[in-house]
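The values are calculated or read from the model by the stated rules, or taken from the named source; none is laboratory data. The structure presented is a predicted model; accordingly, all values stated were derived computationally and were not measured. Positions of Cβ are backbone-derived with ideal geometry, glycine not excepted, and every protein chain shown enters the neighbour counts.
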Amino acid sequence: MPKSNMKQRSRFWVMFILAAALVLALTYSFWPRPTLVDMGEAKRAAMTVTIDEEARTRVRDAYIVSAPISGRLLRVEVEPGDNVTGGETIIARMLASPPSAIDVRTREQARAGVESAQAGLRLAGADLNKALADQDLADADVSRTQILAATGTVSQAALDQAIRGKRAASANVDTAKAAISMREAELANARARLIGFDDTLTLGGPGNSSDQTIPLNAPISGRILQVMQKSETAVAPGQPILEIGDISNDLEIVAELISTDAVQVTARNRVIIDNWGGKAPLGGIVDRVEPWGFTKFSALGVEEQRVNTIIRFTDPLEDRISLGHGYRVEAKIVIWEDDNALTVPSSALFRNNGGWAVFMVTGSKAVLTPVGVGHNNGRLAQIASGLTEGATLILYPGPGLNDGARVKPRSSGD
């Protein structure tokens, strides 16, 4: 064979091999490849559906001690957290209100009233002296008449008249003494009108003895929650001074639920109390859902209707000894739970033709499968129909994934 023919033949095979390699490379490059996906599994597991809301602790029956009268509150010595005994521990002391300042005209009128009362007292004293003199005369007259009546010198009627005069004189003495008591009271009243703000003896100042103060006793046994008025100051009747509560036996939780969530909660619902600062969550139970809602603005300024839900602890006091009044907790109210529910990750679900669907993996293909969904807590969803236990599902299905598409599980390096 000529040498030129051999070269042409060799060139042909080289070109053929290069063309075939190029075709194979292009075919490999454009050949549809399996879509890398994350996969999950339908399995039986315990599932709960909760309503989560921030809440706060409070003492159910907190007592606010207020001023019983207007006066001056002395400095409160008790501190928040102090233990008190109901009816025994003195938690504060106060003094009655000092008299108001007196102007010049009022003071002169009061002085004139004092002089008038003194004159009336002197007049009453003179009347008493006259009554005593009349009583002495009547006593002597009775004595003489009795002697004369015994000898028959005077009649019995004269004796009776003398006895009557003695009794009338005694009554006049009693009347005069009562008049003196009245005049003394009028004098004391007139002198009291002279007492003014500048009379330090009546102000209960620092020099006064402690028996002039009014003690305020603790109404219940418990602990001081807060002191509203610590320093010495003038107070009006009913002004709050401090608050007392029994944290150990009377602590509860109040959660302000959105009204649409509150209608799903009933008394006796189990509650998980989490993020309260302790090592483990606490147990609780819904005590009641209040029937009255109120308007509250959220942090974003959205107007919401809220309802107070009262929760009581079920764990012993030793597990929550550090909790106090007004502490923040997170309440998870369980509205549904099942220990053996058929569940799938919520991320596998998507909407399809007005219902729910998943992509189930059969072989290496994604199969569009409609499902019936029961409860969904955002992490797991309960499957009522359409799937069986152990089915493999695609998580986070993208919009480009179609029914029948080839899929491949994503590895950690993909």
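Quick look at the values:
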item: Of the criteria (1) in a loop (DSSP other than H, G, I, E, B); (2) touching a Pro at 6+ places or on another chain (Cβ under 8 Å); (3) over 30 Å from Ser221 (Cβ atoms), which one Ile272 fails; result: (1)
item: Residue that is farther than 25 Å from Ala255 by Cβ and in contact (Cβ under 8 Å) with a residue 40 or more places away in the chain, where the choices are Val358, Val329, Val367, Val344; result: Val344
item: The range 110-138: number of residues that are within 60 Å of the chain's Cα centre (by Cα) and surrounded by 13 or more Cβ atoms within 10 Å (Cβ to Cβ); result: 7
item: Test: residue in the range 213-221 that is of a type outside the set (A, V, I, L, M, F, W, C), outside any loop (DSSP other than H, G, I, E, B) and at pLDDT 95 or above; result: no
item: Subset of the range 354-369 that is under 49 Å from the mean Cα position of the chain (by Cα) and of a type outside the set (A, V, I, L, M, F, W, C) - its residue that is farthest from Thr50 (Cα to Cα); result: Gly354
item: Leading residue by the ranking (surrounded by the most Cβ atoms within 10 Å (Cβ to Cβ)) among those in the range 265-289 that are among the β-branched types (Val, Ile, Thr) and farther than 16 Å from Glu318 by Cβ; result: Val271
item: Gly81 vs. criteria in contact with a Lys or Arg (Cβ under 8 Å, 6 or more places away or on another chain), part of a loop (DSSP other than H, G, I, E, B) and either in the same structural domain as Val227 (by TED's automatic domain parsing) or among the aromatic types (Phe, Trp, Tyr) (or both); result: yes
item: Qualifying residues in the range 78-109 (those that are of a type in the set (Gly, Ala, Ser) and in contact with a Leu (Cβ under 9 Å, 6 or more places away or on another chain)) - the one surrounded by the fewest Cβ atoms within 10 Å (Cβ to Cβ); result: Gly81
item: Among the candidates Arg60, Arg75, Arg56, residue that is within 30 Å of Ile247 (Cα to Cα), surrounded by fewer than 17 Cβ atoms within 10 Å (Cβ to Cβ) and modelled with pLDDT of 95 or more; result: Arg56
item: Number of the condition not met by Ser347 [criteria: (1) assigned to a strand (DSSP E or B); (2) surrounded by fewer than 19 Cβ atoms within 10 Å (Cβ to Cβ)]; result: (1)
item: Every residue from the range 376-414 that is in a strand (DSSP E or B) and farther than 14 Å from Pro345 by Cβ; result: Ala384, Ser385, Arg406, Val407, Lys408, Pro409
item: Cross-chain or 6+ apart pairs with Cβ under 7 Å, the range 90-107 first and in a loop (DSSP other than H, G, I, E, B), then aromatic (Phe, Trp, Tyr) and modelled with pLDDT under 75; result: Pro98/Phe197; Pro99/Phe197; Ser100/Phe197; Ala101/Phe197
item: Any hit, the range 242-255, residues being charged (D, E, K, R), outside any strand (DSSP E or B), at pLDDT below 95 and touching a strand residue (DSSP E or B) at 6+ places or on another chain (Cβ under 6 Å); result: yes
